[in-house]
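The structure under discussion appears below in the form of structure tokens.
The values are calculated or read from the model by the stated rules, or taken from the named source; none is laboratory data. Just so you know, these numbers come straight off a predicted model, no measurement behind them. Positions of Cβ are backbone-derived with ideal geometry, glycine not excepted, and every protein chain shown enters the neighbour counts. To get the accessible areas, we keep the full protein, side chains included, count just its heavy atoms, and leave off ligands, DNA and RNA. Shrake-Rupley method; radii C 1.70, N 1.55, O 1.52, S 1.80 Å.
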Amino acid sequence: VGIALLGCGTVGGGLAERLLREHQLIQRRTGVEYVLRGIAVRDPLKARSGTIPADLFTCDAQALASDPSVDLVIECIGGTSVAAELVERAIDHGRHVVTANKDLIATQGPRLRALAARRGVSLRCEAAVAGGIPIVRALEESLAGETISSLAGIVNGTCNTILGALERGESYDDALADAQAKGFAEADPSSDVLGTDSAHKLAILIQLAFGLAVISPRIRRTGIDKIATADVATAARLNHRIKLVANARRTANGCEAEVAPIWVRNDHPLARIEGANNAIAVRARDAGELFFSGLGAGRGPSAASVFADTIGTLRAIAERHEYGVRGRRGLDLEPAIDVAGAYDTFERAARFSTLYDAIAAERTLRAYGVAVSGAATLTGTPLLRYLPDHRYDAKAIARALADANCAPASIFPIWNDPITHTAPASQLTAVHSLPAT
Ligand code: HSE
């Protein structure tokens, strides 16, 4: 089996070294005799690891991706323009593809999957979502016969690290610099903090879990860039943590999906996810509620997932049952007519009832004719819990509140989804029983 590697950065370089160094081990694990045919790089003369023979480097990525002696193309370039062209070319020429490129799968996954299905080749992307957690494989294979109704998770290590630092009283900028130094953050960290990276991963999860052709620009997202120490402190006082949660639910015509900072009660499994760890809760019809967690960012976990996909593809080639053959579930995605925000409908909003600044909000809600469920005044932060009522349109109320200058930064949905959460009602009691100070 011929292997071509596109890109030789952190993940690609590490992978090249392992393919060369662990030849015997990989052959034992896969039963496949393989040869690394070439490594496409921008500058073949640039100084790189001395263990990679210089004659493997080429700057003709196009030729390498379609080289007749290559069976498997591993894309580690990143970005969406050059990488997309090369992946498409490789698939078109009947090559199996492994990629860690979340931007690519999140924006062009449905098209590339359809192309791969037509060509009867596999397209694996385990490293694109949640680093070392085998969630892609779990959704594609272990849960292949399932009907998945919803999923929710923390899928950005940088934001989770920053939110944790704010809780410890550290500054936002220092926390971001720390995440960058540890190699968790994207090259442009605004993709992390504005929720774009999480929306990319959520789009891929939706493609896999629901079989829907949803791409990330259709997903509404709010980042953590406006969250202040006072916000996390208020949540802590009410036994909650603010987490950037990506959540999605299958609907009749598509799905609801949204990335937003929300309040998660301290005893919820998502509240216990620290630093660069990620977690994804999946609700499946027969298997029930599943919870996956582990390291979601950093070089090690991503490289491990690319390596696992490479071994998986080699094994599939050895077994001659090509992973990703025509018509395979998950490769040919259904169109999603609707992709609504997760907090739009009454049913959904009721699970994510919202805390508003009490003074402005109470006046507005009463004027709007909405019965409010009570106000609690905390030290310096008056809060009001508003429970949506089916008689009112949650969106209209949110607009009215915005018009009344209830600052969006002070509005956080409270995670109250029954997924892995057993006592939603007691949350209300917690708010009501707070002594006024
Ligand atoms: N920037 C990403 C994160 C890296 O912080 O989670 C992993 O995809």
(message) Is it the case, given these coordinates, that Leu104 is crowded, with 21+ Cβ neighbours inside 10 Å and not β-branched (Val, Ile, Thr)?
(response) yes
(message) All but one of (1) at negative phi; (2) over 14 Å from the mean Cα position of the chain (by Cα); (3) within 16 Å of the ligand (Cβ to nearest atom) hold for Gly298; state the number of the condition that does not hold.
(response) (1)
(message) Could you check segment 64-96 and list, in sequence order, the residues that are over 26 Å from the mean Cα position of the chain (by Cα), modelled with pLDDT of 95 or more and of a type in the set (A, V, I, L, M, F, W, C)?
(response) Leu64, Val70
(message) Condition first: hydroxyl-bearing (Ser, Thr, Tyr) and either more than 16 Å from Arg137 (Cα to Cα) or within 16 Å of the ligand (Cβ to nearest atom) (or both). Now tell me which residues in segment 94-122 satisfy that.
(response) Thr99, Thr107
(message) I'm checking my understanding of the structure. Among residues of segment 155-167 that are closer than 17 Å to Gly296 by Cβ and not polar (S, T, N, Q), which one is nearest to the ligand (Cβ to nearest atom)?
(response) Gly157
(message) Against the conditions (1) more than 16 Å from the ligand (Cβ to nearest atom); (2) in a strand (DSSP E or B), where does Ala271 fall short? Just the number, please.
(response) (2)
(request) Just need a number here: residues in segment 168-227 that are within 10 Å of the ligand (Cβ to nearest atom), hydroxyl-bearing (Ser, Thr, Tyr) and surrounded by fewer than 21 Cβ atoms within 10 Å (Cβ to Cβ). (result) 1
(message) With the requirement that a residue be within 16 Å of the ligand (Cβ to nearest atom) and of a type in the set (D, E, K, R), what does segment 125-151 give you?
(response) Glu126
(message) Here is a check on your reading of the model: is Ala65 more than 26 Å from Pro301 (Cα to Cα) and open to solvent by less than 10 Å² (accessible area, probe 1.4 Å)?
(response) no
(message) Considering only residues that are over 13 Å from Thr310 (Cβ atoms), modelled with pLDDT under 90 and open to solvent by less than 30 Å² (accessible area, probe 1.4 Å), which ones fall in segment 10-46?
(response) Gly13
(message) For the structure I just gave you, tell me whether Ser49 is touching a strand residue (DSSP E or B) at 6+ places or on another chain (Cβ under 6 Å), open to solvent by 30 Å² or more (accessible area, probe 1.4 Å) and more than 25 Å from Lys201 (Cβ to Cβ).
(response) no
(message) I'd like the full set of residues that are at pLDDT 90 or above and closer than 30 Å to Leu333 by Cβ, limited to segment 259-275.
(response) Val259, Leu270, Ile273
(message) Being exposed (fewer than 15 other Cβ atoms within 10 Å of the Cβ) and among the small types (Gly, Ala, Ser) is the filter here; which residues of segment 134-167 pass it?
(response) Ser142, Ala144, Gly145
(message) From the list Ile337, Ile317, exactly one residue is of a type in the set (A, V, I, L, M, F, W, C), more than 30 Å from Ile162 (Cα to Cα), at pLDDT 85 or above and more than 16 Å from the ligand (Cβ to nearest atom). Which is it?
(response) Ile317
